[in-house]
Amino acid sequence: MRTRVPVVDVAVSRLAARELPVGGIHGLARAALRTGAPALLDVLALRASNGYADSAALAAVLDSSGRWPDECLRRPQDALALATIWAVGDEAVRAQGRARAAYADVLERVGAAAFADAESAAFLFGQLTFFAGDRAGLVRLLDVLPLSEAERADFRLDLANPFVAGGPSGADARAQWLGLFNERFASAGLAPIAVDAAAEHPFDGLTAAPGPSVDGPLVTIIVPCFRPDAGLVNSITSMGSQSYGNLQILLVDDASGPGFGPIFEEAAAVDSRVEVVRMPANGGSYLGRNEAITRSRGRFITTQDADDWSHPERIAEQVRLLQEQPLAPASRSDAIRALDNLSVSWLGYPSRRRNASSFMVRRSTIETVGMFDTVRKGADSEYHERVERRLGPTVDTSTPLAITRLRGGSLSRSDFRMLWMTPDRALYRASFRAWHDAITPATPPLRGAEQLRRRAFPASWSFRRDLPGGTPPPSSYDVAFLLDLTVPSAWTQEPTRALMMDRSRTTALIFAEDPTLGRPRRPETLPKAMSPVLSGRVDLISASDTPTAELLVVVTPGLLEMPSLDRPAVRARRIAALLPNPQDGVALDLLAMREGARELFGRDVELVAPTAEDAAEWSLDLGVAVADLESLLAQVTAGEGKGAAGEGERAAGGGSGEAAGGGPGEAAGREGKVRA
């Protein structure tokens, strides 16, 4: 490449020039995947090309030639990091054909050693090759790429799978594949699985012979489900086939409707220990689990997803651990993830994981920490972390005692991709961890009914929608603040903190991670930032929630400098960007902020400073009027110019008109004040 592409975004060039430790480039790639900020692709591209090209320029070269520019191959780790974003990033930036070509060119011209320190690049290259149907290509890659033994075993298993399109056929091929599948069970000393060829899906034909009968305290197994298919019968069959005999199996019908009566009857007929619990209204898996807990009689209580299969030794092994370690509050086992055809490849993920639904607790654990949270999804992880926070670590069998079903349209699968989760999930994780940090031995157990009326910690409306007995969220706020709660800001510092929390206004926070920091791992929120949320003084809402607001203030400038594809859906009549104290020495890319505001909200934002003194200094520096935060918030409190948000171009999500106060003029340049 001979012509340097001009890059004028200060935030991008600043991050591209940052010195990184060995392997640090892959931390930037993780930040790009996690935050969903396309500008971080330009950061990676600039680093890969030694400042010569942004991501669009490199994409054009790869799309036309299938090869990287020579400059990029001098920095193969940077090139591989960018290829990973194309492989598994948001669909707006994803280009898997390009990613595969990018990986292949590095392999051909640099060599397999380049992949050794490139985190998931080798694994993703293999997965993309398999999904493209290039079986011969994957076989060649297995001979050269630095894959882990587990990754290599997964690829070999799927190449041998006779149920996958293009796979081998015949009795010998099936026996060979089954032998490969059973290696992971045999290595754990477990009985091998078999597959009933008559099943509609191979997954539903899973069986295994139970070992010698095991007796012990009563164990309650809770199986919640809503409008199940035939997979429920095999799930219940796997529970009835446990070597551990003293079981109570509670099958929860979450108001599936009369059309599903026959499938519940068939499942209940599988085993005399099955009891059907019928919910009066649909409330999701966790309300169903809580209802079943109130009817449970077991000393130990666990769950099973309605379309999963458990090995006959699962309950016996988990009970054994709890009996051997009487201080452990719970036990858990591993699972192998598989599709209906029992292939185990899922882009960006290994086949084996800790099985959240295998969590087995003592009754005394429930008495101490309480029930599952009353939300529609995500409460498995909250409950596990709450138990460990209160009572100590879980004990794991570290053996695969279940096969869990992968389905693309499930409630949870669409909420995740590699290193990314929806804003609703991110909010839930941040809020329950903040609550966990605040609980003490005196904190009472969490009760489901109380959570419906008044939550101990926030969850987005999508997690709580239409829960029986639930309280709908506010439909409007006076002020909403968009900010990163993991770093100090005006929200955590005086005098602005008290001003922003003024009780005369209704206030909401929208949490988003600042992409300009390029942090390698997901940061935790600051206790001081979250304390007003947990006390109920302000609300924490998700970027996907859609209330109206008189004023939206963007507190973290980086959220405008590098806007995320996870755009806030709040509808605000006025939108302002809070500038930092001029004495703080913060470099701002004001034009990037203006462009980011238009991208996120469809219009310019007003500029506001923390204090009147700061506003006067910014006004002199920029040559435009900058308001101070106290005056702006006072206008909201007084109801000046109050109107319905969401009307045409004045809604945060649309329009192209400019708000009063405007953005910085061109004379202000790309960068704001930099003070030592």
So which residues in the stretch 7-32 are in contact with a helix residue (DSSP H, G or I) (Cβ under 8 Å, 6 or more places away or on another chain), more than 19 Å from ALA592 (Cα to Cα) and outside any helix (DSSP H, G or I)?
-> LEU20, GLY23
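Looking at the structure I just gave you, is GLU266 part of a helix (DSSP H, G or I), within 25 Å of LEU452 (Cβ to Cβ) and among the charged types (D, E, K, R)? Step through it out loud before you land on a result.
Working: part of a helix (DSSP H, G or I): yes; within 25 Å of LEU452 (Cβ to Cβ): no; among the charged types (D, E, K, R): yes.
For GLU266, the condition - part of a helix (DSSP H, G or I), within 25 Å of LEU452 (Cβ to Cβ) and among the charged types (D, E, K, R) - is not met.
Please go through the stretch 179-208 and give me each residue that is part of a helix (DSSP H, G or I), under 16 Å from ALA153 (Cα atoms) and in contact with a strand residue (DSSP E or B) (Cβ under 7 Å, 6 or more places away or on another chain), ordered by number.
Scanning the stretch 179-208 gives PHE181, ASN182, ARG184, PHE185.
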Mind telling me which of the residues SER364, SER343, SER381 ends up being assigned to a helix (DSSP H, G or I), touching a helix residue (DSSP H, G or I) at 6+ places or on another chain (Cβ under 7 Å) and more than 17 Å from ALA292 (Cβ to Cβ)?
-> SER381
Can you tell me how many residues in the stretch 269-281 are more than 12 Å from THR237 (Cβ to Cβ) and free of Cβ contacts under 8 Å to residues at least 24 places away in the same chain?
-> 1
Is there any pair linking a residue in the stretch 206-219 that is assigned by TED's automatic domain parsing to the domain that holds SER241 and acidic (Asp, Glu) to one that is outside any strand (DSSP E or B) and at pLDDT 95 or above, with Cβ under 8 Å and at least six apart or on different chains, and which?
-> ASP215/GLY245; ASP215/ASN246
Can you pull out the residues in the stretch 204-223 that are of a type outside the set (Asp, Glu) and in contact with a helix residue (DSSP H, G or I) (Cβ under 7 Å, 6 or more places away or on another chain)?
-> LEU206, VAL214, GLY216, VAL219, ILE221, ILE222, VAL223
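Is it the case, given these coordinates, that ASP90 is modelled with pLDDT under 95, closer than 23 Å to ASP566 by Cβ, of a type in the set (Asp, Glu) and surrounded by fewer than 24 Cβ atoms within 10 Å (Cβ to Cβ)?
On the way: modelled with pLDDT under 95: no; closer than 23 Å to ASP566 by Cβ: yes; of a type in the set (Asp, Glu): yes; surrounded by fewer than 24 Cβ atoms within 10 Å (Cβ to Cβ): yes.
No.
Filter the stretch 108-129 down to the residues that are part of a helix (DSSP H, G or I) and surrounded by 18 or more Cβ atoms within 10 Å (Cβ to Cβ) and list them by number.
Pass one, the stretch 108-129, residues part of a helix (DSSP H, G or I): 108-109, 112-115, 121-129.
Within the stretch 108-129, ALA114, PHE115, ALA121, ALA122, PHE123, LEU124, PHE125, GLY126, GLN127, LEU128, THR129 qualify.
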Scan the stretch 406-442 for residues that are at pLDDT below 95 and of a type in the set (S, T, N, Q) and jot them down.
-> SER410, SER412, SER414, THR440
Picking from ARG314, ARG295, ARG273, the residue that is modelled with pLDDT of 95 or more and more than 30 Å from ALA449 (Cα to Cα) would be ARG314
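Please indicate, with yes or no, whether at least one residue in the stretch 447-455 is assigned to a loop (DSSP other than H, G, I, E, B), more than 23 Å from the chain's Cα centre (by Cα), surrounded by 14 or more Cβ atoms within 10 Å (Cβ to Cβ) and of a type in the set (D, E, K, R). Full working, then the answer.
First, the residues of the stretch 447-455 that are assigned to a loop (DSSP other than H, G, I, E, B): 447, 454-455.
If we keep only those that are more than 23 Å from the chain's Cα centre (by Cα) as well, we get 447, 454.
Narrowing further to those that are surrounded by 14 or more Cβ atoms within 10 Å (Cβ to Cβ): 447.
Narrowing the set further to residues that are of a type in the set (D, E, K, R) leaves 447.
Among the residues of the stretch 447-455, at least one is assigned to a loop (DSSP other than H, G, I, E, B), more than 23 Å from the chain's Cα centre (by Cα), surrounded by 14 or more Cβ atoms within 10 Å (Cβ to Cβ) and of a type in the set (D, E, K, R), which makes the answer yes.
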Boolean, ASP305 is buried (at least 21 other Cβ atoms within 10 Å of the Cβ), on the phi < 0 side of the Ramachandran plot, out of contact with any strand residue (DSSP E or B) (no Cβ under 6 Å at 6 or more places or on another chain) and acidic (Asp, Glu) = yes
Test ASP614 against the criterion of being over 25 Å from ARG497 (Cβ atoms) and either part of a helix (DSSP H, G or I) or acidic (Asp, Glu) (or both), and give yes or no.
-> no
What number of residues within the stretch 503-531 are crowded, with 16+ Cβ neighbours inside 10 Å and farther than 21 Å from PRO21 by Cβ?
-> 12
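The values are calculated or read from the model by the stated rules, or taken from the named source; none is laboratory data. On a predicted model such as this, the values are computed, not experimentally measured, just so you know. Positions of Cβ are generated from backbone atoms using ideal geometry, with glycine treated the same way; all protein chains shown enter the neighbour counts.
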